[in-house]
Amino acid sequence: MKAVVLDKPCKAEDMILTEVSVPKVKQGWILIRIKAFGLNHSEVILRQFEIENDYIQKPIIPGIECVGEVEESLEKDFVKGDKVMALMGGMGRSFNGSYAEFCLVPTSHCFHIKNTTLSWTSLAAVGETYFTAWGSLFESLNLQPQDHLLVRGSTSTVGQSAVQIASKLGCRVTAAARNDTKFDLLKSIGATDCIIDDKPLSTSLKEEDKPTKILELIGPKTLIDSLHAVKKGGIVCNTGVLGDVFTLRDFEPIKSIPNEVFLSAFYSNYPTQQTIDGIFAFIDKYNLTPLVSKIFPFKDISTAHSILEAGKSGGKIVIEI
């Protein structure tokens, strides 16, 4: 089969397709014939420097998600031809991932796709992106229709999905972005209002405009500011690290987290069939169109990665096998 195989950091243009053996099915694992997969910021981080860490299996086929059909299975709950989605659980880091024509994944992170007529490329845009947005909003922010949600990093794939979901729920949604070039797009997918995120929100937002919930996708770089920008009784969920700052130095929770403000986080490593079913039920109920920005054939994976790394994707990039 064709696959991308990495054993050290490399530039996007150095990602090439090579021939490797199709994985052999084993008990507790499912062999998937991949139809499409989405690209993610974490895969850029892996290629740039994370691959040097000892916890990354090397050589490794990257890719933390895919959609496709069961090719072979020893498990009674999965049979050849089943439409499935796989994500997380070590894909593309602890074991070979989805940048390939076939992928062997554990049953714990392989999920049936039920009752949908979405195309493979649309399905590939759901996976990790909508799961992360969904978990952040409902598990970590306890989002309710009466909430005012501010999404920081709203032009990212997870940010756009969060805007789309929260607006359908009935929330007031403020989309924060570094410039106004994406304001029309953000409003078209449900943002109530858009603001430029080029100075501390804790001082620039009027009290009446402060949100009750903030989805923080920039990460530690702006987290303390977000904690001071939410209304009393509000929640800030730190999900992303788009600011390329991964930890907080000299973090003092007592001083850094204001009284009557709550800090949570969402770690997307534990999807379940129930959650995946819930996401698709929501998509069906509100007739949502999964947000796809660009579609590339597998042979153009290096071009797609260059665009993603440069921040010029405009949304979810999907690779079609």
With a cut-off of 8 Å between alpha carbons and a minimum separation of six or more residues, what is the relative contact order of the chain in percent? 19 percent
Vicinal HN-Hα couplings computed from phi for region 220-230 (Karplus, 6.51 cos²θ - 1.76 cosθ + 1.60; Hz; Gly/Pro x): x, 4, 10, 4, 4, 4, 4, 4, 9, 9, 8
Leaving out same-chain residues fewer than 8 places away, which aspartates and glutamates sit with a Cα under 16 Å from that of LYS206? ASP193, ASP197, ASP198, ASP225
Set Lys and Arg Cβ to +1 and Asp and Glu Cβ to -1, take the dipole of region 42-165 about its Cα centre, and tell me which of HIS148, PRO62, SER42 lies farthest positive. HIS148
Distance cut-off 23 Å, percentage of C-alpha pairs in region 45-164 lying past it: 42 percent
If you average the sequence gap of Cα pairs under 8 Å that are 6 or more apart and divide by the length of region 212-285, what percent do you get for the contact order? 32 percent
Cα centroid distance between region 122-148 and region 211-286, in Å? 11 Å
Under 19 Å from the Cα of LYS11, which aspartates and glutamates turn up, not counting those fewer than eight places away in the same chain? GLU43, GLU50, GLU52, ASP244, ASP300, GLU309
Round to a whole angstrom and tell me the spacing of the C-alpha centers of region 1-73 and region 306-321. 17 Å
Dipole-positive endmost among VAL84, GLY97, ILE189 within the chain (Cβ charges, Cα centre): ILE189
Send over the Kirkwood Rh of region 147-199, from the inverse of the averaged 1/r over different Cα pairs, rounded to one decimal Å. 10.4 Å
Rough spin-label spacing in nm, given labels placed 7 Å along Cα→Cβ, for THR107 and THR181: 4.8 nm
No solvent, one uniform scatterer per C-alpha: report log10 I(q)/I(0) for the chain via the Debye equation at q = 0.08, 0.15, 0.16 1/Å, two decimals. -0.36, -1.21, -1.33
Work out, step by step, the length gained on full extension between THR116 and GLU208: first 0.36 nm times the residue separation, then minus their alpha carbon distance; give nm to one decimal. 29.0 nm
Using the Cβ atoms and a cut-off under 9 Å, what net charge is assigned to the surroundings of LEU17, where Lys and Arg are +1 and Asp and Glu are -1? +1
Straight-distance crosslink candidates among aspartates and glutamates, where the alpha carbon sits under 16 Å from LYS285 and sequence neighbours closer than 8 are dropped: ASP277
For a 30 Å ceiling on Cα separation, which of these pairs sit above it: LYS114/LYS294; LYS2/LYS187; LYS58/LYS182; LYS2/LYS76? LYS2/LYS187; LYS58/LYS182
In nm, give the distance between the simple-model label positions of LYS24 and GLN144, each being 7 Å from the Cα along the Cα-to-Cβ direction. 5.6 nm
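As a footprinting exposure proxy, order LEU39, LEU46, LEU288 by other Cβ within 10 Å, with the fewest listed first.
Fewest to most other Cβ atoms nearby, the residues stand as LEU288, LEU46, LEU39.
Over all directions, how big on average is the projection of the convex hull of the alpha-carbon atoms in region 168-305, in square nanometres?
11.2 nm²
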Residues of region 207-230 with backbone N under 15 Å of the label point set 7 Å from the Cα of LEU248 along Cα→Cβ are 214-230
At a Förster distance of 41 Å, what's the computed FRET efficiency of LYS312 paired with ASP77, Cβ-Cβ distance as r, to 0.05? 0.50
Whole-Hz ³J(HN,Hα) for each residue in region 98-109, computed from phi via Karplus 6.51 cos²θ - 1.76 cosθ + 1.60 with θ = phi - 60°, x for glycine and proline: what do you get? 9, 7, 6, 7, 9, 9, 9, 10, x, 4, 5, 10
Could you tell me the calculated FRET efficiency between LYS221 and ASP193, based on Cβ-Cβ distance and R0 = 25 angstrom, to the nearest 0.05? 0.60
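Read-outs: derived from the displayed coordinates by stated rules, not from any lab. All of these numbers come straight from a predicted model, not from anything done at the bench. Note that we place each Cβ from the backbone using ideal geometry, even for glycine, and neighbour counts take in every protein chain shown.
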